[in-house]
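Peer 1: Here it is, the structure, as structure tokens.
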Amino acid sequence: MIEYENLGKLNASFIDAYKNKFSDILSTGWFVLGNEVKAFEREFAQYCDIPHCIGVANGLDALHLALRALDFPPGSEIIVPSNTYIATILAILQAGHIPVAVEPDIRTYNIDPAKIERKITAKTKAIMVVHLYGKMCDMDPIVSVCERHGLKLIEDCAQAHGASYKGKKAGSFGDISGFSFYPTKNLGCLGDGGAAVTRDSTFDERLRMLRNYGSKVKYYNEIVGYNSRLDELQAGFLRVKLERLDEINAHKRNLAAIYHGEIPDTFIKPALDEDFFDVYHIFNIRHPERDRLKKFLEDKGVKTDIHYPVSPNRQQAMAGIWNEAHPISEEIHATTLSLPISFCNTESDVKYVCDALKRF
């Protein structure tokens, strides 16, 4: 059986370092907003080539608190891709704003820059881009739109740790950017975790208050805040894995190169562009008979996944929020299939998958 993901195997090579880190943290007796969080924030900010990193409880909170820190008027419109994971949209709704959908580029699955301006109104305050599957958006035209219209830019980097566009890292374009450290991410912890990054010291200060009850000094609350803190243990585990993030990304890129070279052209493969350094959190293919293909591969001993089976506008939770059809998003969600590309998968695993695809 070729597994899609196995977190036990994925983390096997980190276990000794995790145990040492756990013992070190346990002996300090400090488990919330301590030295491990401070160190991880410093190291991850440096990795992203950006001055400030604020550890929070999860990726959804990173985006939600980013919107709170930007302090838009209630009911502001935030442009977002129509095919993102639901968390991106939930962050906008939880912040009291209106998500405005823009269809993706069918090649890249990321927001189509050419379609953004037609959705801008007097109420539009920001564009929230999503670097889906580990491929960054086409950032130059998006940045240009923001500059022309005076809009803030937020990056959802939940699947793009270490990805880059024209040599510039994910998270370094936005006014504020959010990351998830869910265990399956390229940089994943052993539970929930997230972070916001920013170049702006004012946003940095406000985010630090927002994550901690609205407080800079204990028991003194300046603003209405939340309890959303990256804990010491997860920060420590992330520090261990961050040291090898480039190795993880290189492994996944090597597996992706095998897929690109051996999968027949009867399947739609991820787009390749020289300006983009893709990190393949997910390697998806598309096929009109996706469900039959998934069953065929399972019968051949290959586990796959679907990211994601339901277009956001078809989710029950979005009833009354997004009622219009999003045909490009719906086509992607109906045909996409994610192949094994974990840090625990081997070259022989991937070659077996390719052989199975050739027999389909």
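Peer 1: Scanning for something surrounded by fewer than 17 Cβ atoms within 10 Å (Cβ to Cβ) and assigned to a loop (DSSP other than H, G, I, E, B), does the stretch 47-54 turn up at least one residue?
Peer 2: Initially, the stretch 47-54 is screened for residues surrounded by fewer than 17 Cβ atoms within 10 Å (Cβ to Cβ), giving 49, 51.
Still in the running and assigned to a loop (DSSP other than H, G, I, E, B): 49, 51.
The answer is yes; a qualifying residue exists.
Peer 1: Looking at the structure I just gave you, is ARG68 charged (D, E, K, R) and surrounded by 19 or more Cβ atoms within 10 Å (Cβ to Cβ)? Walk me through it before giving the result.
Peer 2: On the way: charged (D, E, K, R): yes; surrounded by 19 or more Cβ atoms within 10 Å (Cβ to Cβ): yes.
For ARG68, the condition - charged (D, E, K, R) and surrounded by 19 or more Cβ atoms within 10 Å (Cβ to Cβ) - is met.
Peer 1: In a helix (DSSP H, G or I) and either touching a Leu at 6+ places or on another chain (Cβ under 8 Å) or within 21 Å of LYS169 (Cβ to Cβ) (or both): does that describe PHE40? Break it down stepwise before answering.
Peer 2: Working: in a helix (DSSP H, G or I): yes; either touching a Leu at 6+ places or on another chain (Cβ under 8 Å) or within 21 Å of LYS169 (Cβ to Cβ) (or both): yes.
Considered against the rule, which asks whether it is in a helix (DSSP H, G or I) and either touching a Leu at 6+ places or on another chain (Cβ under 8 Å) or within 21 Å of LYS169 (Cβ to Cβ) (or both), PHE40 comes out as yes.
Peer 1: Still on this structure: Report whether or not GLU103 is crowded, with 23+ Cβ neighbours inside 10 Å, of a type in the set (D, E, K, R) and under 23 Å from ASN313 (Cβ atoms).
Peer 2: No.
Peer 1: Taking ASP265 as meeting all but one of (1) over 25 Å from ASN186 (Cα atoms); (2) in contact with a strand residue (DSSP E or B) (Cβ under 6 Å, 6 or more places away or on another chain), write down the number of the exception.
Peer 2: Going through the list (1) over 25 Å from ASN186 (Cα atoms); (2) in contact with a strand residue (DSSP E or B) (Cβ under 6 Å, 6 or more places away or on another chain), ASP265 breaks only (2).
Peer 1: Also, quick follow-up: Any idea which of (1) assigned to a loop (DSSP other than H, G, I, E, B); (2) of a type outside the set (A, V, I, L, M, F, W, C); (3) in contact with a helix residue (DSSP H, G or I) (Cβ under 7 Å, 6 or more places away or on another chain); (4) in contact (Cβ under 8 Å) with a residue 40 or more places away in the chain is the one ARG229 doesn't satisfy?
Peer 2: Of (1) assigned to a loop (DSSP other than H, G, I, E, B); (2) of a type outside the set (A, V, I, L, M, F, W, C); (3) in contact with a helix residue (DSSP H, G or I) (Cβ under 7 Å, 6 or more places away or on another chain); (4) in contact (Cβ under 8 Å) with a residue 40 or more places away in the chain, only one is false for ARG229: (3).
Peer 1: Within the stretch 55-90, which residues are of a type in the set (Gly, Ala, Ser) and assigned to a strand (DSSP E or B)?
Peer 2: Step one: filter the stretch 55-90 for residues of a type in the set (Gly, Ala, Ser), giving 55, 57, 59, 62, 66, 69, 75-76, 82, 87.
Selection gives GLY55 alone.
Peer 1: Name the single residue that is farthest from LEU255 (Cα to Cα) among those in the stretch 325-342 being assigned to a helix (DSSP H, G or I) and hydrophobic (A, V, I, L, M, F, W, C). Spell out how you get there, then give the answer.
Peer 2: The initial filter retains those residues of the stretch 325-342 that are assigned to a helix (DSSP H, G or I), namely 327-335.
Keeping just the survivors that are hydrophobic (A, V, I, L, M, F, W, C) gives 328, 332, 334.
Details: ILE328: 28, ILE332: 23, ALA334: 25 Å.
Per the stated criteria, the residue is ILE328.
Peer 1: Could you list, in sequence order, the residues of the stretch 243-280 that are within 17 Å of GLY167 (Cβ to Cβ), assigned to a loop (DSSP other than H, G, I, E, B) and in contact with a Lys or Arg (Cβ under 7 Å, 6 or more places away or on another chain)?
Peer 2: Answer for the stretch 243-280, where residues must be within 17 Å of GLY167 (Cβ to Cβ), assigned to a loop (DSSP other than H, G, I, E, B) and in contact with a Lys or Arg (Cβ under 7 Å, 6 or more places away or on another chain): ASP275, ASP278, VAL279.
Peer 1: Mind listing whichever residues of the stretch 132-166 are over 20 Å from GLU77 (Cα atoms) and under 9 Å from the mean Cα position of the chain (by Cα)?
Peer 2: Within the stretch 132-166, LEU132, TYR133, GLY134, CYS157, ALA158, GLN159, ALA160, HIS161 meet the criteria.
Peer 1: Also, quick follow-up: Picking from PHE360, PHE343, PHE296, which residue would you name as being touching a residue at least 40 places away in the same chain (Cβ under 8 Å) and either crowded, with 19+ Cβ neighbours inside 10 Å or touching a Gly at 6+ places or on another chain (Cβ under 9 Å) (or both)?
Peer 2: Values: PHE360 fails: either crowded, with 19+ Cβ neighbours inside 10 Å or touching a Gly at 6+ places or on another chain (Cβ under 9 Å) (or both); PHE296 fails: either crowded, with 19+ Cβ neighbours inside 10 Å or touching a Gly at 6+ places or on another chain (Cβ under 9 Å) (or both).
Residue meeting the stated conditions: PHE343.
Read-outs: derived from the displayed coordinates by stated rules, not from any lab. Note that this is a predicted model, so its numbers are computed, not measured. A quick note on method: Cβ atoms are made from the backbone with ideal geometry, for glycine too, and the neighbour counts reach across all protein chains shown.
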